[in-house]
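These notes concern the structure reproduced below.
The values are calculated or read from the model by the stated rules, or taken from the named source; none is laboratory data. Only a predicted model underlies this, so the values are computations on that prediction, with no experimental measurement involved. Please note: Cβ atoms are built from the backbone with ideal geometry, for glycine as well, and neighbour counts cover all protein chains shown.
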Amino acid sequence: MRVKVRQKLTSPLILILLSLMVALPLYWAVTISFRPMADLFMRRITPSSLTTKNYDGIIYDRDWAGFQGVSFVIPLRNSLIIALGVTAIGLIISPLAAYALAMIPIRGKELISSYLLLAYVFPPFVLIIGLSSFIHKLGLMDTFAGVMLLHLIIVVPYCTWMLRGYFLSVPKALEEAALVDGCSRIGALLKIILPVSAPGFVTAAIFSFTLSWQEMLFALITIDSHSKFTLPMALLAMVLGDYIQWGKLMAGSIIAILPPSILYLLMQRYVVQGLTGGAVKG
C-alpha cells in the first residue's frame, strides 16, 4: 500500500519539477524584458515596475547593439522569409526522396538512408570553410538565397529521414491499388501516400521551419549587411563584449520565440501523430 502511495506522489512531483525547470527561465526572460534598467540588477523575483521601453527601443527607436536606424522587425522579417522559403523547398524535395527510399526498390537504399541521417548529425562547423567557398563561387554571399541553400543541407536530410519512416508505416496495398488503377508513381505519392501521411508531412514542415529559424552558423558565414541579419544574428549582436543589454536582449528573445511557439501550439496534435506514426518502422 505504501509503495502505491509513493508511486502516486512521485510522478506528480517529478512533473512539477520538470515544469518548473522549463517555466522559471521563461518567466525570468519575460519579466526582464519588461523591467526598467534600474530594476534589472536588483535581487527581486517580481519586478518593482513594468515598462515597454525595451521593446520600444528595438522596434521603434531602432537602437539595439549599436545598429541605429534598423528596426528589430527587419531581422524578424528576414528570418520569416528564409524559414518559409526553406520549408517550402524542403517539402518539395524531401517527400520525393523519402518516397523513393521507402517505396521504390533501389539497390543500396538502406545505406543511402543511413548516410542521410549521418548528413544531419554531422557537425556543420566542420564544413564552414568548404561551404563558405562554395557559396562565394556561386555569387550568393550576403544573399537570402545563399542562406537558404545552406539551410537545406540540414533540412532536407532530416525531413527525408522523418518522412521515410512515416511512408514505411503506410500499407503497401494502398500504393499498389493506386498503381493498378493507372496512377503513376508521382500520382500515387500525391493522391494516396501524402494524404494518408498528412500528420507526418505537417510535422516535417514544422521541424523544417524551426531548424531554419534557429540556425545561426550558416547565416554568420553568408550575411554581412545589417539589414539582412536573421534573428539569431541580431540577438548575438546585442552582446557587445562585456556590455550586454539584458532588457533588449530578452525582449528580442521573446519576439524570436513567438512564431515557432504559436506554430507548435496550433499544430501540436499533428506533431504528436506524426512522430508516433513515423516511429512504427524505419
Tell me whether region 159-171 contains one or more residues that are in contact (Cβ under 8 Å) with a residue 40 or more places away in the chain and in contact with a Pro (Cβ under 7 Å, 6 or more places away or on another chain).
yes
Positions within region 212-234 being small (Gly, Ala, Ser), more than 21 Å from residue 71 (Cβ to Cβ) and surrounded by fewer than 19 Cβ atoms within 10 Å (Cβ to Cβ), in sequence order
none
I'm checking my understanding of the structure. Among residues of region 60-90 that are in contact (Cβ under 8 Å) with a residue 24 or more places away in the chain and of a type in the set (Val, Ile, Thr), which one is surrounded by the most Cβ atoms within 10 Å (Cβ to Cβ)?
86
Out of all the residues in region 129-146, is one or more at pLDDT 90 or above, within 15 Å of the chain's Cα centre (by Cα), among the β-branched types (Val, Ile, Thr) and assigned to a helix (DSSP H, G or I)?
no
Only one residue in 83, 119, 102 is closer than 30 Å to residue 225 by Cβ, modelled with pLDDT under 85 and in a helix (DSSP H, G or I). Which one?
119
